Amino acid sequence: MRRNAQISLYWKCQLFGWSAASLYWATQGILNGHYILWIGLLQFLSDVALYILMTHLYHRFSLRHKWQTLKLKPLIIRLVPALLILSLLYVVVTISKIYCFRLLLPVYHPVTIHDLLSANWLPMWMAGIRLMAIWLLAHHLYYYGKRDLNLVQENARLALAAKEAEIKLALITKDSQMDALQAQLNPHFLFNALNTIKALVVDDPTSARRAIDLMSDLLRSSLYNGGMSLHTLDDEISLITDYLELETLRLEERLQVEINCPNELSGTTILRYSIQVLVENAVKHGISNQRSGGLLRVGISKVDDQIRMMVENPGTLSSTNAQGLGLKNLNERLYLHYQGKARFHINEITGTVIASIFIPTV
């Protein structure tokens, strides 16, 4: 496959710089009135070729010895002798070129190298110092700029990698926290259900068998869907219904239940066991503590751009264990999953405890 040849920036600068210098010298010759076109062309080509060769040798030498990675002070210590050597080499190359031209071309009068050096070495050396100083400055400024650019790019890449690692770590931590909280919730719920069955086995075997069936359904749901942190409101209501039927077998007429969930909200995705925790808390610390029991109401509604999930029961906050582990874990799960956009609120109004969860609709 044929590939397009591309000239690097280094070679472009070399060709442009020495071509510009040679054209400047040619312009001086034209202005002095001593210019022959074909000889001027030979001068131009030889200047560009010889001086590029000379500076390229320095370029290879400095790269081999990693001068481009040096700090400013050690670099200057090396550049001073390098400048003197390059300027002297410039004198030698230039004098040699002029001597060859005068020797080989018939338009010139023969001259010795001694005569050329005697008449021109000092101005040529000064010119060489100026030219080589400019070339060395441009050469090392280019590598300093390139090094700084690479450093900025590397720092940006490392910062991006660190940010990505931080995000991944936060997600892993969040998932771990959610799993840990979920692990605390499920046993708490299941142990209460087992205690209900235990209380029924002796006094009411028929109800105990029904309780075991309900328990089986709850265990199946917990085992096969335990890895899920989310499910629909409809699934949560089904879970609550089974749990409340278990508790009704124990509390009988003392527990009355009312559940209201609009059909249009039944498919809404929520945190698993979120309403269940409120219901369990209401039964354990509210209904069970009332001699005559009471009505437990579960209401789901849409309020502006949020979904409100409310559990209401008779009782007081002092007896409702508002600072219990279940409610504390629920609060943390809501914060982790919804990133602070969900709210949990519990209060008491004239002997009635109302616990509410507000989650965003999107």
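Only the coordinates and a few stated rules stand behind these numbers; no lab work does. This structure is a prediction, so every number in the text was calculated from the model and none was measured. Glycine also receives a Cβ, built like all others from the backbone with ideal geometry; neighbour counts cover every protein chain displayed.
Numbers below:
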{"read-out": "Peptides 326-337, 120-131, 60-71, 343-354 ordered by average Cβ neighbours within 10 Å, highest first", "value": "326-337, 120-131, 343-354, 60-71"}
{"read-out": "Beta bridge orientation in the range 224-362: antiparallel %, DSSP, nearest 5", "value": "80"}
{"read-out": "C-alpha center-to-center spacing [the range 85-107, the range 12-52] in angstrom", "value": "14"}
